[in-house]
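J.: Starting off with a structure, shown below.
Each reported figure results from applying straightforward, stated rules to the coordinates on display, with no laboratory input. Note that the coordinates shown come from a computational prediction; the quantities given were computed from them, not determined experimentally. Backbone-built Cβ (ideal geometry, glycine too); neighbour counts: all protein chains shown.
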Amino acid sequence: VLERLSVARANGHRVFGVVRGSAVNQDGASNGLTAPNGPSQERVILQALANAGLSPSEVDLVEGHGTGTRLGDPIEAQALLATYGQDREEPLWLGSIKSNIGHAQAAAGVAGIIKMVQALRHETMPPTLHVDEPTPQVDWTAGNISLLTEPRNWPRTAGRPRRAGVSSFGISGTNAHVIIEEGDPTPAPAPSEGPTAWVVSARSERALYAQAARLADWAERTDPDPHDTAVALATQRSRFAHRAVVTGSDVAHLVAGLRDLSTTGAGVSGPVAVLFSGQGSQRAGMGADLPGLDEVRQHLDIHLGDR
């Protein structure tokens with residue numbers, strides 16, 4: 001979602017990133033339908049920097065077009081070396097989202113922008129995958145540029161915001177370059193309140209109790225946020241046939257439940273009830289077609305009466 005910065009501020013919207021500058025050109029003299037033009041790429045980068053009122057050394061990272069071809073990559077790298085790679089103490093870091101998702105065609109440029117906004121938010125320069133070594137077809141000593149072959153912390157530079165350039169080059173010689181600047185800081189998470197549930201699972205009952213003991217040991221050592229841990233256990237761990245859940249409002253209660261589970265196998269088991277609550281936006285009566293709902297209703301009516 002794009003808004004003018006003044007409008008976003010007036011509306012109280014959090015700003016995830018700012019388009020500091022941009023430029024588009026068309027070389028019109030390509031030697032083929034898809035062959036890139038190096039001087040035109042240099043010009044579009046310098047035009048975007050001028051539009052942003054920045055020098056090349058004030059940009060930390062470039063999300064390259066990165067076609068992965070023997071023709072396009074050397075031309076792009078040489079244009080970056082001639083512009084961003086000069087007169088800087090820290091290297092310009094270079095990556096490309098195409099190593100993550102492949103070539104997204106018309107969406108490649110905006111995919112790069114999304115990647116850079118997320119990188120700025122997380123203060124991390126994401127790596128370019130599948131890079132064994134820089135292409136030998138480029139003289140990398142001609143400027144100060146380094147490939148992102150592993151994640152890097154991206155702390156704020158004293159006196160200025162963090163910034164990234166995004167390049168995207170289209171068929172028939174169209175070149176675009178956008179400079180993205182960091183937006184508002186990520187707000188600190190609000191403290192979580194109320195009870196939560198920790199899920200453990202394993203391939204056997206014995207392994208389940210051992211897993212509960214290990215989780216209890218870890219929680220006592222680290223005193224984690226109980227709600228963050230609940231999310232991680234529910235979404236980032238494998239789910240096996242043997243499972244258990246402990247509930248509590250703080251780490252001490254949750255650890256006590258894990259200890260009971262690991263030493264005595266204490267737990268609660270019984271029938272499972274399913275509530276078809278819906279979202280409120282479906283058609284009226286759609287749940288009536290669910291198999292067995294009439295039988296469920298008969299059991300509930302005994303307890304609910306006219307409510």
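J.: Suppose every K and R has +1 on its Cβ and every D and E has -1 on its Cβ; what is the size of the dipole of the chain about the Cα centre, in Debye to the nearest 20?
T.: 280
J.: Evaluate the relative contact order of region 5-182 (contact order divided by residue number), counting alpha-carbon pairs under 8 angstrom at least 6 apart; express in whole percent.
T.: Relative contact order, region 5-182: 35 percent.
J.: Gain in length, V7 to H242, computed as 0.36 nm per residue apart minus the alpha-carbon separation, to one decimal in nm?
T.: Working it through step by step, the gained length comes to 79.3 nm.
J.: Rounded to the nearest 5, what % of DSSP beta bridges with both residues in the chain are antiparallel?
T.: 75
J.: Another question, if that's okay. Any idea what angle helix 72-83 forms with the longest principal axis of the chain, computed on alpha-carbon atoms, 0 to 90 degrees, nearest 10?
T.: Between helix and principal axis, roughly 70 degrees.
J.: Which whole-Hz couplings ³J(HN,Hα) result when phi for each residue of region 62-70 is put into the Karplus expression 6.51 cos²θ - 1.76 cosθ + 1.60, θ = phi - 60°, listed in order with x for Gly and Pro?
T.: 10, 8, x, 4, x, 5, x, 9, 5
J.: Ok, one more. Answer with one residue from P136, L215, G38: the one whose Cα lies farthest towards the positive end of the charge dipole of the chain, charges on Cβ with Lys, Arg +1 and Asp, Glu -1.
T.: Sorting the options by dipole projection puts first L215.
J.: Still on this structure, I have one more. Could you tell me what % of all Cα pairs in region 5-182 have separations over 25 Å?
T.: For region 5-182, the share of Cα pairs beyond 25 Å comes to 28 percent.
J.: So, one more: In nm, what is the difference between 0.36 nm times the number of residues separating D250 and V15 and their Cα-Cα distance?
T.: Value of the extension gain: 81.2 nm.
J.: Can you list the residues, at least 5 places off or on another chain, whose amide H is less than 5 Å from the amide H of R152, using H built in the peptide plane?
T.: When sequence neighbours closer than 5 places are left aside, the close amide H contacts are M125.
J.: A further question follows. 5 Å is the cut-off here: which amide hydrogens, built 1.01 Å from N in the peptide plane, fall below it relative to R20, excluding neighbours closer than 5 in sequence?
T.: The list, which skips near neighbours in sequence, is I179, I180, E181.
J.: Over 5 Å intervals from 0, what percent of Cα-Cα pairs in region 63-165 sits in each interval?
T.: Cα pair-distance distribution for region 63-165, in percent: 2, 12, 22, 25, 22, 12, 4, 1.
J.: Would you please give the FRET efficiency between R297 and A234, computed as 1/(1 + (r/R0)^6) with r the Cβ-Cβ distance and R0 = 30 Å, to the nearest 0.05?
T.: Efficiency for this residue pair is about 0.50.
J.: Still on this model: Just to check I understand the Karplus step: with θ = phi - 60° and J = 6.51 cos²θ - 1.76 cosθ + 1.60, what whole-Hz values come out for region 99-108, glycine and proline as x?
T.: Each residue of region 99-108 in turn: 6, 9, 10, x, 7, 8, 6, 5, 8, 5 Hz.
J.: Taking only C-alpha pairs under 8 Å that are 6+ residues apart, what is the relative contact order of the chain in percent?
T.: 19
J.: Could you tell me how many degrees, from 0 to 90 and to the nearest 10, lie between the Cα long axis of helix 226-235 and the main elongation axis, the longest principal axis, of the Cα atoms of the chain?
T.: 80
J.: Further question on the same structure: As an exercise, identify the GluC sites (Glu not before Pro) in region 60-108 lying in DSSP coil whose Cβ has no more than 16 other Cβ atoms within 10 Å.
T.: Here the sparse-neighbourhood loop sites are E89.
J.: Which value at 222 nm does the chain reach when only helices count, each DSSP H run of 4 or more adding -39,500 (n - 2.57), with the total divided by all residues and rounded to the nearest 500 deg cm²/dmol?
T.: That calculation yields -10500 deg cm²/dmol at 222 nm.
J.: Next up: Quick one: if you take sqrt(5λ) for each eigenvalue of the C-alpha gyration tensor of region 173-256, what semi-axes come out, biggest first, whole angstrom?
T.: Working through the eigenvalues yields semi-axes of 37, 20, 10 Å.
J.: Which one of F16, S57, L147 is farthest out on the positive end of the charge dipole of region 5-182, using unit charges on Cβ (Lys, Arg +1; Asp, Glu -1) and the Cα centre as origin?
T.: F16
J.: Please give the helix 38-52 orientation as an angle from the longest Cα principal axis of the chain, in degrees from 0 to 90, rounded to the nearest 10.
T.: Once rounded, one gets 70 degrees.
J.: Considering only the other residues whose Cβ falls under 14 Å of the Cβ of S168, what net charge follows from Lys and Arg at +1 and Asp and Glu at -1?
T.: Computed value for this residue: 0.
J.: Can you list the residues of region 107-129 with backbone N under 18 Å from a point 7 Å past the Cα of V24, pointing along Cα to Cβ?
T.: 107-114
J.: What is the local net charge at D250, summed over the other residues whose Cβ is closer than 15 Å to its Cβ (Lys, Arg +1; Asp, Glu -1)?
T.: Residues near D250 contribute -4 overall.
J.: Normalised radius of gyration for the chain, please: alpha carbon Rg relative to 2.2 N^0.38 Å, two decimal places.
T.: So the chain has a normalised radius of gyration of 1.42.
J.: Quick one: dipole size for region 196-264, taken about the Cα centre, charges +1 on Lys/Arg Cβ and -1 on Asp/Glu Cβ, in debye to the nearest 20.
T.: 440
J.: Under the Karplus relation 6.51 cos²θ - 1.76 cosθ + 1.60, θ = phi - 60°, what is the ordered set of whole-Hz ³J(HN,Hα) values for region 240-255, x standing for Gly and Pro?
T.: 3J(HN,Hα) across region 240-255, in whole Hz: 10, 5, 9, 9, 8, 10, 10, 10, x, 9, 8, 4, 4, 5, 5, 5.
J.: What does the net charge come to around E42 if you take all other residues with beta carbon closer than 11 Å to its beta carbon, with K and R at +1 and D and E at -1?
T.: For residues surrounding E42, the net value is -1.
J.: Something else now. Taking H placed 1.01 Å from N in the peptide plane, check which residues at least 5 places from V15 or on another chain put their amide H under 5 Å from its amide H.
T.: Counting only residues 5 or more places away or on other chains, the set is D184.
J.: If you don't mind, there's one more thing I want to ask. Once you compute Rg and the Kirkwood Rh from C-alpha atoms, what is the Rg to Rh ratio for region 18-101?
T.: Here the Rg-to-Rh quotient is 0.96.
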